[in-house]
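Written out below as structure tokens is the structure these notes cover.
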Amino acid sequence: MAHEPRVSDELGRRLKAYEGRTAAVSAAGKDPVNAPMIRHWCEAMGDTNPAYTGPDAIAPPTMLQAWTMGGLSGHTARSSAYDELLTLLDESGCTSVVATDCEQEYARPLRPGDEITFDAVIESVSDRKTTKLGTGYFVTTRMDLHVGPDLVGTHRFRILKYAPAHRREGPPREEPEREKPPRPRPVVNRDNAGFWEGVRERRLLIQRCTGCSTLRHPWLPGCATCGHPGWDTVEASGTGQVHSYVVMHHPPFPAFDPPYAVALIELTEGVRMISNVIGVPYEEVRIGMPVRLEFKAYDEELVLPVFRAEEERVAVGGGSRAAR
Ligand code: ZN
């Protein structure tokens, strides 16, 4: 059972005293910047930028943290101050942790052969904050990466250490009726206006390059395959399948009722789009599930394409036909 953290101004003062203290000192990357790690990263990210291959390759800037990671065996460079800070938070009841965000700055490109060293400092500890997850403190660590004497990049990493909010047991408490805000509107711009016009007419339009006929979604001003700016459209047949999905639990946005499934739908035409699957409970959405397009009116103005789970298309006994 969770409790309010035993917080006080006194705790806040003790936590603040850790600002500026070392989190890790003069640690070295386990490997120099190297082409195999760059290649694996690019494959995992699907990044085919030619800057990351060949004799003049640079490392993708967002790999910055990868060069500092300790792997399974870890680093020995972590300071006692950081451990003390986390222990203090644990003892005050802030036993849960969630990584909230990171920020990076790049001072110069990294190239194979660069030997990385890094120092980390506890940059800031926030005042006590109450969030949907619970009450606690944001701790920001700043890592400075060097090659020789040169600063090459900075990686800031923020966590929330918190005491989990008390979970209600039994039936939900009566809450005052509040009018639910409308579902957020799509952002219509010059590049995607034609798509939303199609939706208003209950047609799902896929952009097609008039240079190389490649289909694309979402709509873009040019073709990623051949660079041609010209396009026309083809209307989707409306069939497809769930390529992947997530179940959204947190954070709860006012216009939505979590948990719900957000799916990446692969249309039969080959392009993919993010949408909702309707017609089945969220926990029954599965990869490969056949779906069919519908247009759903969410309110008087907003219509969105959604996908209804289709009955299993494999019949029992004679006359069976495969799903694909
Ligand atoms: Zn093209």
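The values are calculated or read from the model by the stated rules, or taken from the named source; none is laboratory data. Here the structure is a predicted model, which means the values were calculated and not measured. Virtual Cβ from ideal backbone geometry, glycine too; neighbours counted across all protein chains shown.
Numerical summary
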{"read-out": "Which listed residue, of Gly170, Gly148, Gly113, is at positive phi, over 27 Å from the mean Cα position of the chain (by Cα) and at pLDDT below 90", "value": "Gly170"}
{"read-out": "Entirely in the range 138-257, the strands (runs of 3 or more DSSP E) that have 2 or more residues that are within 16 Å of the ligand (Cβ to nearest atom) and surrounded by 16 or more Cβ atoms within 10 Å (Cβ to Cβ)", "value": "205-209, 231-235"}
{"read-out": "Any hit, the range 43-56, residues being assigned to a helix (DSSP H, G or I) and touching a strand residue (DSSP E or B) at 6+ places or on another chain (Cβ under 9 Å)", "value": "no"}
{"read-out": "Residues located in the range 264-278, provided they are more than 16 Å from the ligand (Cβ to nearest atom) and under 30 Å from Cys212 (Cβ atoms)", "value": "Leu264, Ile265, Glu266, Leu267, Thr268, Arg272, Met273, Ile274, Ser275"}
{"read-out": "Test set (1) away from the ligand (no atom under 16 Å from the Cβ); (2) in a loop (DSSP other than H, G, I, E, B) - Ala261 fails condition number", "value": "(2)"}
